[in-house]
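Engineer: Can you read through this structure? Questions will come right after.
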Amino acid sequence: MCPTESGNTVRDMIPSHPDGLDPNRIDVPVFQATIRPHQSLTYHGFRNVMIGCGVVSLVTSIACVQAGFWPVAGFFGLDMIALYVALKTSIRRGRSFEEVMISPIEVMLARVTHRGERREWRFNPLWTKLTKVEDEEYGLQTLTLVSRREYVVVARDASPPVRERIAEGLTRALADVKRGY
């Protein structure tokens, strides 16, 4: 630090917050994450599954029609339509996400659906705690932010290992904020 003419350093001349918080860092995130649903099927995987199932369905349908079981072919067609709709819905829902941000003054959770609808929750980090429900066999099942009798599930569509990493980051960030950063 450079001393001024009066002998004080520049740091001594900047007014500080009575609680010792830096006003320039009060709204800087301590933790920030975007959580996307767990999806094991990519677009190329979807195409490959549909082609594979279509080929198997077609070959089986032809064999059944030749054997005289012609109604089976129609049911295979209905199965293919149902499979297509189910997988397309799953891929579309994969566009949803959650944003979690913890700063010294707030905890913000935003959930955006696959349709673009956004819902936000904001909490005071000093009154917020994280609860976990774990299963010995399957790992972390539920992660919930609790603040003043309000419960919001976080990372509900994420896989258990991702949920574990999010839980570690949230726990550390909440402890840092409560400790005074």
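Engineer: Determine if the stretch 22-42 includes at least one residue that is in a helix (DSSP H, G or I) and modelled with pLDDT under 90.
Structural biologist: no
Engineer: Quick one: in the stretch 88-128, of everything that is of a type in the set (A, V, I, L, M) and over 11 Å from the mean Cα position of the chain (by Cα), which residue is surrounded by the fewest Cβ atoms within 10 Å (Cβ to Cβ)? Quick ask: steps written out before the conclusion?
Structural biologist: Going through the stretch 88-128, the residues of a type in the set (A, V, I, L, M) turn out to be 91, 100-102, 105, 107-110, 112, 126.
Checking which are over 11 Å from the mean Cα position of the chain (by Cα) leaves us with 91, 101-102, 105, 107-108, 126.
Details: Ile91: 16, Met101: 18, Ile102: 25, Ile105: 14, Val107: 26, Met108: 16, Leu126: 12.
Checked the stretch 88-128; the qualifying residue surrounded by the fewest Cβ atoms within 10 Å (Cβ to Cβ) is Leu126.
Engineer: Could you figure out which of (1) touching a Phe, Trp or Tyr at 6+ places or on another chain (Cβ under 6 Å); (2) over 19 Å from Val154 (Cα atoms) isn't true of Val107?
Structural biologist: (2)
Engineer: Can you tell me which of (1) within 30 Å of Thr142 (Cα to Cα); (2) modelled with pLDDT under 85 is the one Met101 doesn't meet?
Structural biologist: In the conditions (1) within 30 Å of Thr142 (Cα to Cα); (2) modelled with pLDDT under 85, Met101 misses (2) alone.
Engineer: Next question. Quick test of your reading of the structure: Ile62 fulfils all but one of (1) part of a helix (DSSP H, G or I); (2) within 28 Å of the chain's Cα centre (by Cα). Name the failing condition by number.
Structural biologist: Of the numbered conditions (1) part of a helix (DSSP H, G or I); (2) within 28 Å of the chain's Cα centre (by Cα), the odd one out for Ile62 is (2).
Engineer: Just name the residue that is nearest to Gly94 (Cα to Cα) out of those in the stretch 49-66 that are polar (S, T, N, Q) and surrounded by 12 or more Cβ atoms within 10 Å (Cβ to Cβ).
Structural biologist: Step one: list which residues in the stretch 49-66 are polar (S, T, N, Q), which gives 57, 60-61, 66.
Of the ones still in play, those that are also surrounded by 12 or more Cβ atoms within 10 Å (Cβ to Cβ) are 57, 60-61.
Details: Ser57: 27, Thr60: 32, Ser61: 32 Å.
For the stretch 49-66, the residue satisfying everything is Ser57.
The values are calculated or read from the model by the stated rules, or taken from the named source; none is laboratory data. All of these numbers come straight from a predicted model, not from anything done at the bench. Glycine also receives a Cβ, built like all others from the backbone with ideal geometry; neighbour counts cover every protein chain displayed.
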